[in-house]
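The values are calculated or read from the model by the stated rules, or taken from the named source; none is laboratory data. The structure displayed is predicted, hence computed values, not measured ones. All Cβ positions, glycine included, derive from the backbone under ideal geometry; neighbour counts span all protein chains shown. Accessible surface areas use protein heavy atoms only, side chains included; no ligands, DNA or RNA. Shrake-Rupley method; radii C 1.70, N 1.55, O 1.52, S 1.80 Å.
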Amino acid sequence: MAKPFFSLQKFLRRAQFFLFFLTVAYLMAGSLLLLQRSYLVIQLSNRGTSSVQGSQTENFAVGDRYLDRNLVQSPYWSQKGFVGVNLHSKTLTNQRYGLIDQPLWLMSRNSELRQLRRRWFHNFVNDQDQVQGTGNKMMKHALVNKGTYIGCFVDNVEERTLKATVFYDLRKMTIGHCQEACAERSYLYAGLAYGAECYCGNNLPLNRAKEEECNNECKGEKGSVCGGVNRLSVFQLEELQALEKRRNVTYRGCYRAPENITQIFPASFANFTVEMCSEFCTAKEYPLAVFRWTECFCGFPTVQFNLYERLDESFCSFVNDSSGSEVLREDNYCSVYQTPIQDTRCTGRAFLPTKSRVFVALSSFPGAGNTWVRHLIEHATGYYTGSYYFDGTLYNKGFKGEKDHWRSGRTICVKSHESGKREIEMYDSAILLIRNPYKALMAEFNRKCAGHLGYATERHWKSKEWPEFVNSYASWWASHALDWLQYGKRLLVVHYEDLKKDIIGKLREMVDFLGLPTNDDRLLCVENNKDGNFKRVGSSQTNLEPFTWEMKDLINGYIRTVDKALKARNFTGLPEEYMPR
């Protein structure tokens, strides 16, 4: 009995020593890991985020260069794309869509591309926060409160009088920022609410509130009050509005006047000049000023007067009659002017009244215009779109669905740049947005270097970062489309270029795909507000040609591959303008 007892005691002593040794080793490993992470954090704070991004980009680019060099040098690759399908493509059988050829080199890179996407989006959001922060700091010093404070008013959401140019800034909203935005659009009043929301209009709210009820401090301006909960701090901008009004009126052209013109346009007046007419319509908050002889009409684009058929200017010109007086050539023509007033018939948006159980993706490669299409869909349907990511800059611009979880069911569709079987099969259907890869790559590089509205500089285009970016992202453009064509359950393919040419026609298709009724007046309103808040201004890059012949050979092959996959799924192939140039 003693011998087994001593054997057990000896074993337990050894086990205690062994457990002690494991504990010490575990603690030492944890300490080393903690020291390593601390060292990386110190390096990050010293070198800045951009350095880390650069190293990540270089690491991915090395592998991309190797893969793409092998691809181009392969005997199965030529200027016409893939020719050796037996060795370099795999035929995928799909019960729903038949055969789709997908190159093996794209399949092998899915995991790598997913890591690249996630790292890039994480870094991009951080970059955007820094860029916006810097810009807003400069703006804060430049802007001056130029309006006259009127008072605190009740914000009636259902009958809002200040309903135009709505934007949000949860971190840096100032009174001056809101005033400038409203004055640029020739509105008479600017109102702020919740410390972060800005509204514009030409009519005061109906009901005043107690001054102490406007008690929310401006998010970007300590000591200043920016309204409250359902309360507006209202400022009058009469002097600024008078300066901006005339400058912002633009001529739309000469059009045939509709027969029932007095019934189509809700406001009219006689014996006006063009300048008086545009000022009158601006004050009445109408986006169109229609001038016929000395008659002035104010209103919106409608089905009866959609501004599609512009006429020669001679039809709206004046001629001298027998007495030498100027008269209009004919009575049934009119000159149309665009006032700076926003068409607000489609600006009202909300979350879905009941949660949807169908998840619809709005999927695209980055730089393909996803944000712009979200703007169009939201205004065409009246419902917010969601996002698989969170971009505070987009939320501040009015995309309220950006903050919702993508599976909340409260949004009409969800933005996504993801690909891969698992990610795609999470959605029941998808609108697949495709853009010319040449344009998409340039747009994404611009955004990477200068944010949503800026342009990359000449230094960026000539740096080593640009060819590395093309090598990494060009194949992503192809793999993204191929994956959605392979695994997407129900797809509507929309080409960015076709949407630009026919906004209303393509919007009808998208609204119908989303299972909602179309509203013609709302669609015309969307066309009148088609640019949104993310249109890059200027044409300084129209003559830019950053692509080398090697880059073109690579991209053209990807174009042919995607074109082949679209036709295999019984979709129309890529537009001809995508093809080699």
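Being open to solvent by 20 Å² or more (accessible area, probe 1.4 Å), modelled with pLDDT of 90 or more and touching a Leu at 6+ places or on another chain (Cβ under 7 Å) is the filter here, so list the residues in region 219-244 that pass it. Listed by number, the list holds a single entry, 236. Within region 342-369, track down each residue that is of a type in the set (A, V, I, L, M) and either part of a loop (DSSP other than H, G, I, E, B) or open to solvent by less than 20 Å² (accessible area, probe 1.4 Å) (or both). Within region 342-369, 352, 358, 360, 361, 362, 368 qualify. If you check residue 558 against the conditions, is it at pLDDT below 90, under 29 Å from residue 451 (Cα atoms) and open to solvent by less than 20 Å² (accessible area, probe 1.4 Å)? So residue 558 fails the test. Every test in (1) at pLDDT below 75; (2) open to solvent by 30 Å² or more (accessible area, probe 1.4 Å) is passed by residue 185 save one, and that test is (1). Taking the residues in region 257-298 that are in contact (Cβ under 8 Å) with a residue 24 or more places away in the chain and on the phi > 0 side of the Ramachandran plot as candidates, determine which candidate is nearest to the chain's Cα centre (by Cα). Checking each candidate, the answer is 285.
All conditions in (1) closer than 21 Å to residue 507 by Cα; (2) open to solvent by less than 40 Å² (accessible area, probe 1.4 Å); (3) modelled with pLDDT under 90 hold for residue 533, with the sole exception of (2). Working only within region 152-211, note down all residues that are charged (D, E, K, R), in a strand (DSSP E or B) and closer than 17 Å to residue 348 by Cβ. The one that is charged (D, E, K, R), in a strand (DSSP E or B) and closer than 17 Å to residue 348 by Cβ: 197.
Considering each residue of region 199-218, count those that are over 30 Å from residue 287 (Cα atoms) and crowded, with 18+ Cβ neighbours inside 10 Å, and give that number. Total meeting the criteria: 4. Hey, among the residues in region 385-415 that are under 12 Å from residue 349 (Cβ atoms) and open to solvent by less than 30 Å² (accessible area, probe 1.4 Å), which one's nearest to the chain's Cα centre (by Cα)? Among them, the one singled out is 399.
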